[in-house]
1. Quantify, in whole percent, the carbon and sulfur part of the accessible surface of the chain (1.4 Å probe; protein heavy atoms only).
2. Tell me, what is the per residue accessible area of the chain in Å², probe radius 1.4 Å?
3. Using +1 at the Cβ of each Lys and Arg and -1 at the Cβ of each Asp and Glu in the chain, identify which of Phe31, Val113, Gln3 lies farthest towards the dipole's positive end.
4. What list of ³J(HN,Hα) values in whole Hz, one per residue of the stretch 69-76 in order, does the Karplus curve 6.51 cos²θ - 1.76 cosθ + 1.60 (θ = phi - 60°) give from phi, with Gly and Pro shown as x?
5. Mind putting a number on the dipole of the chain about its Cα centre? Charges go on the C-beta only, +1 for Lys and Arg and -1 for Asp and Glu, and I need it in Debye to the nearest 20.
Amino acid sequence: QVQLVESGGGLVQAGGSLRLSCATSGSIFRFNAMGWHLQAPGKQRELVAGITSGGSTNYADSVKGRFTISRDNAKNTVYLQMTSLKPEDTAVYYCNAQTLIREYWGQGTQVTVSS
């Protein structure tokens, strides 16, 4: 059974930084791609950043230059380094992992950015 466990969320002032972690149960190499999505209150979940098994990355325009996604294969963990945080980044952040036939989600971690 696949489990994705997020951590690292919290309350931070605007301009601050946070690093989110997503630890996978078992080998990270099972997944073709992994990513982070956010869901703000009353809004749909949307992609923030993704990384493939080969290390290619993509980002939402709103976070380019501020967020960095990375992976540590030895630790079976994906990270999202968030800098220059803005109040509009406030949301629940979810880790996502995809194989060829299905995708998996973590339970989410709350990020709150105060102005």
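1. Values: 2920 of 6090 Å².
Of the solvent-accessible surface of the chain, carbon and sulfur hold 48 percent.
2. Working: 6090 Å² over 115 residues.
On a per-residue basis, the chain sits at 53 Å².
3. Most positive-ward Cα: Phe31.
4. Each residue's phi maps through the Karplus curve to give 9, 8, 9, 10, 5, 5, 9, 6 Hz.
5. Working: 10 positive and 7 negative charges, 27 e Å.
The dipole of the chain has a size of about 120 debye.
The values are calculated or read from the model by the stated rules, or taken from the named source; none is laboratory data. Here the structure is a predicted model, which is why all the values come from computation and not from measurement. Cβ atoms come from the backbone with ideal geometry, glycine included; neighbour counts cover every protein chain shown. The area values use the complete protein model at the heavy-atom level, side chains included, leaving out ligands, DNA and RNA. Shrake-Rupley method; radii C 1.70, N 1.55, O 1.52, S 1.80 Å.
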